[in-house]
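Colleague: Pasting a structure here, questions to come.
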Amino acid sequence: MTTTTPPTVNSVTQAAATQAAARFERLKDEPMQIAGQPIGAFTGFFGTIRDVIAHGSLLDLLIRRDLKSRYKDSALGFVWTLIRPITQLVIYFVILGQILGAAKGIPNFAVYVFCGLTIYNLFSEIVAGSTGSIVANAGLIKKVYVPREIYPLASIGSALFNFGIQLVVLLVATVVFGKFPAHAELLYFFPSTILILIYGTALGLLLSAANVYLRDMGYLVEVLLMLLMWGSPIVYAWSAVATRATGSKEWLLHIYTDNPITLAVLGFHRAFWLGGSESDYPSDMLIKMGVAGLIGLVLIYVFHRVFSKLQGNFAQEL
Amino acid sequence: MTIDTSRATVRTTRGEAAVPTVVTIENVSKKFVIRKDNSLKERIVTLGRTGRRNSEEFWALKNVSLTIPAGSTIGLLGPNGSGKSTLLKAIGGILEPTTGTIKRRGRLAALLELGAGFHPDLTGRENVFLNSAILGMSREETEEKFDDILNFAGIGDFIDTQVKFYSSGMYVRLAFAVAIHTDPDVLLVDEVLAVGDEAFQRKCMDKIHEFQEQGRTIILVSHSLGQVQELCDRAVVLAKGEVQFEGTAREAVKNFRDILEDRRVAEATALGEADAAITPGKVLSGTIRAEGRAPGEDFQPGDNLVITMTFSHETPLERWISGFKIENNLGQPVFGTHSKHLGITHAPLHGTATVEYRLDDIQFGGGAFFLHAYFAEPNGLHIAIKREAARFVMADDPTGEGTVRVAASMRQIAG
């Protein structure tokens, strides 16, 4: 009472009453809305997008929270974001490249490996992070309603931040191990990154929702991400696969090449790695990327429908 | 007192104008499926028919329909598991109803669990911004209100400390302060008003009263019937997911007490049968009636009560005392006496004995009361007690509240 002692009771009541009348006036004009997630196949999708944009500042704060809490109380802080990929790079470069001899056919192997790792880490962080995002935020989901898509999206945000740091390391590495890739093909960076973002979002939405019902998803995703890494030309050359898969096995090559991760990794090589020639890449890469991107957009839509079907029961399943 | 009457007048004048509806609930049902298997393996192994056997359906809400006008304070009452919290979460959009729709308008804030969005590794300040963003405030709004929030929480310099180092009281105070400063049109409150020390609780109550005056709608779940009577103008009693009663807070509380009473009787019968075999002494009965009132009628102040108790003992008992206690529904002792207090010595007990106590001109406050009948050794050691042997309801006191009633009057002596 000490802080809010009114001058006289009457004047406060008067003020409150006018405030109340104004509130009623405003409420009368507001349309009634259905509580919870917007439903309906089309309105639902775009309604959610609008909803998420309206919660933009929350998304921003959630990303900051993820990043801040990750390295809170550690002496090195964000340096750890660098140490992990650099260690990875050293291992692949020394063990695979020099000792096992994978570097023989590939000039400037260090940059080559780090290109693939950078873009693949983005994908794997998005997928792994968003898969666990709904379960990790169970406390919030059970108590407050905000569009639930925000949680996987926040994981994408923090993955992007780490991606940015690794990208800087990659650019420094190109200069250290050779020269800066100042050529038009540097623009391949954009379709590659967008492709990964599209597929990361789509899979993130699906897996985050599925993980609520089946906690095995988290572990399954870990294993699949490990497999996928070796299923794309990160530590070996695409051409090595292309020369072996010929004739009757050519359809295998198509599956291998036309998947979005391989395309993105190849795109990154094209952008940052100067050692390649035309034969190191499949033909019509841009068209392939475009088609994969369109399919990805459809997948986002479909998986989001699944997500919003499932999200109604999140609060009770967690 | 002054604040309460002024609030009442605000409400009546408001009643004349057209009040918009903020929440409409139409035929809402909510089904929970309780599954006993939760991993992929179990799910696959028990696929199909056995899978269905492994899960149970449970209707937490059944065809609930309600309309809540702006500016009202609605209490949700019901025994544990009656669907109160589920309904609150459905209104908040946290749970999606299985059938039916809930429509609402205006800004909504939910005080379901304080500090749900707090991250232990962030400082108090960072958490304030995060939590108010979760509750739908923009950064600018939060900045504007930040000093108020800090003031209300009263945690001072700790605002820049990570919240994991907070005491639980500070944590809850900060969370409450954020939630209450979000300027909601509709506020959902679930059992959280009993947090912090007494001074802070008082502060919360004042804030709730202020909200009521400002025409905000409050939907409240509470087990404190006194709180519901004090705060709410209407209340809904839920039982097993269905609306049992809807009406004024007072009537609803009365209705709810009856439900609890039915349950208590059922439990007591089950318990009493098991107890009987062990003790050689027994309280056979204990009844209470008011002179001139039909059974079941509410007691009025000034009534004379007659308490009749019958005891039995297997072996002859030379010296003994009889007595009773009256408690209110919160278990607080209201009155009690025994034969030793009154200076009466009972004749030796052979077989059974019946005693009668008279209480003249009672002035208990409104609500339900319980009678515990007992008899004991002269040193006070209980031989047998029949808890809640009888129950009576005092008529509500229109002029005051509490466990006793006193003739009160008031005059203004200055100003």
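The values are calculated or read from the model by the stated rules, or taken from the named source; none is laboratory data. These numbers were taken from a predicted model, which means no experiment stands behind them. We place every Cβ from the backbone using ideal geometry, glycine too, and count neighbours over all the protein chains shown.
Colleague: With the requirement that a residue be assigned to a helix (DSSP H, G or I) and of a type in the set (V, I, T), what does the stretch B:206-260 give you?
Modeller: Scanning the stretch B:206-260 gives B:I208, B:V228, B:V253, B:I259.
Colleague: I'd like to know if the stretch B:214-230 contains one or more residues that are more than 30 Å from B:K62 (Cβ to Cβ), at pLDDT 85 or above and within 14 Å of chain A (Cβ to nearest Cβ).
Modeller: yes
Colleague: Can you tell which of A:Y145, A:Y151 is under 22 Å from A:L310 (Cβ atoms) and modelled with pLDDT of 90 or more? Show your work before the answer.
Modeller: Values: A:Y145 fails: modelled with pLDDT of 90 or more.
When all the criteria are applied, what remains is A:Y151.
Colleague: Kindly evaluate B:R14 against the criterion of being modelled with pLDDT under 80 and crowded, with 16+ Cβ neighbours inside 10 Å. Please lay out each step first, then the result.
Modeller: Numbers: modelled with pLDDT under 80: yes; crowded, with 16+ Cβ neighbours inside 10 Å: yes.
So B:R14 fits the description; yes.
Colleague: Specify which of the listed residues (A:L62, A:L96) is touching a Leu at 6+ places or on another chain (Cβ under 9 Å), surrounded by 15 or more Cβ atoms within 10 Å (Cβ to Cβ) and of a type outside the set (K, R). Show your work before the answer.
Modeller: On the way: A:L96 fails: touching a Leu at 6+ places or on another chain (Cβ under 9 Å).
That would be A:L62, the only listed residue that is touching a Leu at 6+ places or on another chain (Cβ under 9 Å), surrounded by 15 or more Cβ atoms within 10 Å (Cβ to Cβ) and of a type outside the set (K, R).
Colleague: Based on what the data block shows, is A:I141 more than 25 Å from A:V235 (Cβ to Cβ) and in contact with a Lys or Arg (Cβ under 7 Å, 6 or more places away or on another chain)?
Modeller: On the way: more than 25 Å from A:V235 (Cβ to Cβ): yes; in contact with a Lys or Arg (Cβ under 7 Å, 6 or more places away or on another chain): yes.
Here the answer is yes, as A:I141 does meet what is asked.
Colleague: Another one. Could you grab me the full set of residues in the stretch B:128-158 that are among the aromatic types (F, W, Y) and closer than 30 Å to A:E149 by Cα?
Modeller: If the condition is that a residue be among the aromatic types (F, W, Y) and closer than 30 Å to A:E149 by Cα, then B:F129, B:F146 are the ones that fit.
Colleague: Okay, next question. From (1) in the same structural domain as B:V28 (by TED's automatic domain parsing); (2) surrounded by 21 or more Cβ atoms within 10 Å (Cβ to Cβ); (3) not polar (S, T, N, Q), pick out the condition that doesn't hold for B:H119.
Modeller: So B:H119 meets the others, but not (1).
Colleague: For residues in the stretch B:88-114 being among the β-branched types (V, I, T) and in a strand (DSSP E or B), which is farthest from the other protein chains (Cβ to nearest Cβ)? First the steps, then the outcome.
Modeller: Filtering the stretch B:88-114 down to residues among the β-branched types (V, I, T) leaves B:91, B:94, B:98-99, B:101-102.
So of that shortlist, the ones also in a strand (DSSP E or B) come out as B:99, B:101-102.
Working: B:T99: 12, B:T101: 6, B:I102: 4 Å.
Applying the filter and picking the extreme gives B:T99.
Colleague: With the checklist (1) within 30 Å of B:G83 (Cβ to Cβ); (2) in contact (Cβ under 8 Å) with a residue 60 or more places away in the chain in hand, flag the one item B:E213 doesn't pass.
Modeller: (1)
Colleague: Among the residues of the stretch A:174-181, is any within 23 Å of A:G200 (Cβ to Cβ), in a helix (DSSP H, G or I) and of a type in the set (A, V, I, L, M, F, W, C)?
Modeller: no
Colleague: Here's another thing I want to ask about it. When you check A:Y151 against the structure, is it of a type outside the set (A, V, I, L, M), without any contact (Cβ under 8 Å) to a residue 60 or more places away in the chain and assigned to a helix (DSSP H, G or I), yes or no? Steps first, answer last, please.
Modeller: Details: of a type outside the set (A, V, I, L, M): yes; without any contact (Cβ under 8 Å) to a residue 60 or more places away in the chain: no; assigned to a helix (DSSP H, G or I): yes.
No.
Colleague: Exactly one condition in (1) on the phi > 0 side of the Ramachandran plot; (2) surrounded by fewer than 22 Cβ atoms within 10 Å (Cβ to Cβ) is false for B:L150; which is it?
Modeller: Every condition holds for B:L150 apart from (1).
Colleague: A follow-up question, please. Please enumerate the residues belonging to the stretch A:262-318 that are of a type in the set (V, I, T) and more than 22 Å from the chain's Cα centre (by Cα).
Modeller: Going residue by residue through the stretch A:262-318, those that are of a type in the set (V, I, T) are A:262, A:265, A:287, A:291, A:295, A:298, A:300, A:302, A:306.
Result: A:I287, single match.
Colleague: Related question: Considering every residue within the stretch B:52-66, establish whether at least one is at pLDDT below 90 and out of contact with any strand residue (DSSP E or B) (no Cβ under 7 Å at 6 or more places or on another chain).
Modeller: yes
Colleague: Right, next: Mind checking which residues of the stretch A:119-156 are away from chain B (no Cβ under 14 Å), surrounded by 23 or more Cβ atoms within 10 Å (Cβ to Cβ) and more than 18 Å from A:F303 (Cβ to Cβ)?
Modeller: Scanning the stretch A:119-156 gives A:I119, A:L122.
Colleague: Just to check your reading of the model, which residue among A:L214, A:L186, A:L220, A:L207 is at pLDDT below 90 and within 14 Å of chain B (Cβ to nearest Cβ)? Steps first, answer last, please.
Modeller: On the way: A:L186 fails: within 14 Å of chain B (Cβ to nearest Cβ); A:L220 fails: at pLDDT below 90; A:L207 fails: at pLDDT below 90.
Exactly one residue qualifies, and that residue is A:L214.
Colleague: What about B:A70, is it at the interface with chain A (Cβ under 9 Å from one of its Cβ atoms), surrounded by fewer than 19 Cβ atoms within 10 Å (Cβ to Cβ) and modelled with pLDDT under 90?
Modeller: Working: at the interface with chain A (Cβ under 9 Å from one of its Cβ atoms): yes; surrounded by fewer than 19 Cβ atoms within 10 Å (Cβ to Cβ): no; modelled with pLDDT under 90: yes.
Criteria not met by B:A70.
Colleague: What strands (runs of 3 or more DSSP E) completely inside the stretch B:288-363 contain at least 1 residues that are closer than 25 Å to B:T399 by Cβ and modelled with pLDDT under 90? Write out each step before concluding.
Modeller: On the way: elements: B:305-317, B:321-328, B:333-338, B:349-359.
Where strands (runs of 3 or more DSSP E) fall fully within the stretch B:288-363 and carry at least 1 residues being closer than 25 Å to B:T399 by Cβ and modelled with pLDDT under 90, they are B:321-328, B:333-338.
Colleague: Let me ask something additional. If you check every pair at least six apart or on different chains, which have Cβ atoms under 7 Å apart with a residue in the stretch A:262-273 that is within 14 Å of A:K179 (Cα to Cα) first and a residue that is among the aliphatic types (A, V, I, L, M) second?
Modeller: The qualifying pairs are A:A271/A:L186; A:F272/A:V111; A:F272/A:L170; A:W273/A:V111.
Colleague: Is it true that B:G323 is assigned by TED's automatic domain parsing to the domain that holds B:E297 and farther than 30 Å from B:L260 by Cβ?
Modeller: Details: assigned by TED's automatic domain parsing to the domain that holds B:E297: yes; farther than 30 Å from B:L260 by Cβ: no.
It is false that B:G323 is assigned by TED's automatic domain parsing to the domain that holds B:E297 and farther than 30 Å from B:L260 by Cβ.
Colleague: Right, another one. Among the residues of the stretch A:193-213, are any surrounded by 21 or more Cβ atoms within 10 Å (Cβ to Cβ) and assigned to a loop (DSSP other than H, G, I, E, B)?
Modeller: no
Colleague: Follow-up. Please give the number of the condition B:N127 fails out of (1) surrounded by fewer than 21 Cβ atoms within 10 Å (Cβ to Cβ); (2) outside any strand (DSSP E or B); (3) more than 8 Å from every other protein chain (Cβ to nearest Cβ).
Modeller: Condition (1) is where B:N127 drops out.
Colleague: Exactly one condition in (1) in contact with a helix residue (DSSP H, G or I) (Cβ under 8 Å, 6 or more places away or on another chain); (2) away from chain A (no Cβ under 11 Å); (3) within 20 Å of B:T248 (Cβ to Cβ) is not met by B:L61; state its number.
Modeller: Tallying (1) in contact with a helix residue (DSSP H, G or I) (Cβ under 8 Å, 6 or more places away or on another chain); (2) away from chain A (no Cβ under 11 Å); (3) within 20 Å of B:T248 (Cβ to Cβ), B:L61 fails exactly one: (3).
Colleague: I've got another one for you. Could you check the stretch A:232-318 for helices (runs of 4 or more DSSP H) lying wholly inside it with 3 or more residues that are away from chain B (no Cβ under 14 Å)? If you could, list the steps in order and put the result at the bottom.
Modeller: Details: elements: A:238-244, A:250-257, A:260-272, A:285-311, A:314-317.
Of the helices (runs of 4 or more DSSP H) lying wholly inside the stretch A:232-318, those with at least 3 residues that are away from chain B (no Cβ under 14 Å) span A:238-244, A:250-257, A:260-272, A:285-311.
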